[in-house]
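Everything below concerns the one structure shown next.
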Amino acid sequence: MPFDEGDRTEPATERRRREARKMGQVAKSQELSSILVFFGSYIVLQFFLIIGFNNWFNVWRKFFSFDSLDLSLQYQNFIVAFLVLTIPPVIGAFFMAIFSNILQVGFVITPQVLIPKFSNLDITKYFKRLLSFRGFVDQVLKPSIKILILVYILISSLLEVFLKILNLSFIDIHKGFKIVLDIVSSILVKTMVVLFFFALVDYLFQRWQYEKSIRMSKQELKEEFKTTEGDPLIKARIKRLQSELARRRMMQEVPKADVIITNPTHVAVAIFYDPEKFKAPKVVAKGMGLVAEKIMEIAKENNVPLVRNEMLARALFKEVEVNFEIPEKFYKAVASILATVYKKKKKVI
């Protein structure tokens, strides 16, 4: 049964969260992943930039100086310099991409996401997502904010180094490259810092959207409870059946009892004692109200003596469970009753 978003007012249960996670529905910010990948690439690039830049510069210097006519060697040097400059940042980006995903959602494997869904090709659903609040934020608002941030950082940074840029044509090309790299590095650092805070805000927004998307209605909570804990009506019925079976087994022990200690009508406790098997007398049945009446009825039918002792009957009923021996504090009182019963039956304790 479908539920409107307004009906989903309850926080998601752990089971709902696990199911959503299996389907790949997690709180994840692509902005945070992107900035962390960017940051990882930048850090690795800083370590390899000096070596890579020097190799790159030397390759181009030799190429234009015509010191060597071996073009194949020049080509190999060009490839090596290019790989030294590009491979480390790519590797750094790869590992940072893995780290950023684990940092946000942990280790998640969702084969369901890899299964193609033809429903995703429905263009009407695409426009619905685009026109939704989340679609507006993801497709319009966030890109616009990022463009404005980048334009502002770029313009402000270039204005700061405007004179340096004008003087580039008057200095050595090697120094000029280093100045350009410093300018680019400064712009990248400023961009990363600003976009990192932007990504944190986006992550909080994605968390809020995620919690909102997995909320449950009261009816869904009831249905989940039935699924996980069982239908309350069925559980109550099973409990009644179990109680009835236990009561029947208990009633079967009443004819074996030596005596029934009664209240006289509200409480009945059946006592059985076999000195060869037990250290103390044992309660084989007990009950109140109708159960007590049934115990006394069975006892009369099987000639089991009934002895009235209100205080002892209540105490035994309250403190001793069925099929358990009586505590030591009841020995004297119960022994006195059993002695009287055995005397009448001429049975020795």
| Residue check: is I326 in contact (Cβ under 8 Å) with a residue 24 or more places away in the chain and out of contact with any Pro (no Cβ under 9 Å at 6 or more places or on another chain)? | no
Among A12, A93, A97, the single one that is of a type in the set (G, A, S), outside the structural domain of V180 (by TED's automatic domain parsing), within 30 Å of L141 (Cβ to Cβ) and modelled with pLDDT of 80 or more is A12
With the first residue restricted to segment 148-165 and required to be assigned to a helix (DSSP H, G or I), and the second required to be among the aromatic types (F, W, Y) and surrounded by 10 or more Cβ atoms within 10 Å (Cβ to Cβ), Cβ contacts under 8 Å at 6 or more apart or on different chains are I149/F198
With criteria (1) modelled with pLDDT under 85; (2) closer than 28 Å to I165 by Cβ, V193 comes up short on (1)
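Restricting attention to segment 47-59, does a residue exist that is out of contact with any Pro (no Cβ under 9 Å at 6 or more places or on another chain), at pLDDT 75 or above and surrounded by 15 or more Cβ atoms within 10 Å (Cβ to Cβ)? Full working, then the answer.
Step one: filter segment 47-59 for residues out of contact with any Pro (no Cβ under 9 Å at 6 or more places or on another chain), giving 49-51, 53-59.
This time we only want the ones that are at pLDDT 75 or above, so: none.
No, that holds for no residue.
Does any residue of segment 255-278 turn out to be within 48 Å of the chain's Cα centre (by Cα) and of a type outside the set (F, W, Y)? So that I can check it myself, show each step before the final result.
At the first step, the residues of segment 255-278 found to be within 48 Å of the chain's Cα centre (by Cα) are none.
No - not one qualifying residue is present in segment 255-278.
Any residue that is under 27 Å from Q104 (Cβ atoms), at pLDDT below 85 and assigned to a helix (DSSP H, G or I) - is there at least one of those in segment 221-236? Lay out the reasoning, then the answer.
Residues of segment 221-236 under 27 Å from Q104 (Cβ atoms): 224.
From what is left, the residues that are at pLDDT below 85 are 224.
This time we only want the ones that are assigned to a helix (DSSP H, G or I), so: 224.
Checked segment 221-236: at least one residue is under 27 Å from Q104 (Cβ atoms), at pLDDT below 85 and assigned to a helix (DSSP H, G or I).
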Residue hits (segment 6-41; of a type in the set (V, I, T) and assigned to a helix (DSSP H, G or I)) are I35, V37
Yes or no: segment 313-325 includes at least one residue that is farther than 17 Å from V283 by Cβ and of a type in the set (G, A, S).
no
By residue number, the members of segment 96-109 that are surrounded by 13 or more Cβ atoms within 10 Å (Cβ to Cβ) and either more than 19 Å from F196 (Cα to Cα) or aromatic (F, W, Y) (or both) are F99, V108
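Just name the residue that is modelled with the highest pLDDT out of those in segment 179-190 that are surrounded by 15 or more Cβ atoms within 10 Å (Cβ to Cβ) and out of contact with any Ser or Thr (no Cβ under 9 Å at 6 or more places or on another chain). Lay out the reasoning, then the answer.
The initial filter retains those residues of segment 179-190 that are surrounded by 15 or more Cβ atoms within 10 Å (Cβ to Cβ), namely 179, 183, 187-188, 190.
Filter once more, so that each one left must be out of contact with any Ser or Thr (no Cβ under 9 Å at 6 or more places or on another chain): 179, 188.
Values: I179: 76, L188: 86.
Filtering first and then ranking leaves L188.
Among the listed residues E220, E253, E293, which satisfies the condition of being out of contact with any Cys (no Cβ under 6 Å at 6 or more places or on another chain) and in contact (Cβ under 8 Å) with a residue 40 or more places away in the chain?
Result of the check over E220, E253, E293: E220.
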Expected single match for assigned to a helix (DSSP H, G or I), of a type in the set (A, V, I, L, M) and either surrounded by fewer than 11 Cβ atoms within 10 Å (Cβ to Cβ) or out of contact with any helix residue (DSSP H, G or I) (no Cβ under 7 Å at 6 or more places or on another chain) (or both) among L204, L195 is L204
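The values are calculated or read from the model by the stated rules, or taken from the named source; none is laboratory data. Model, not experiment: these values are computed from the prediction. For neighbour counting, all protein chains shown are included, and Cβ atoms are generated from backbone atoms with ideal geometry for every residue, glycine included.
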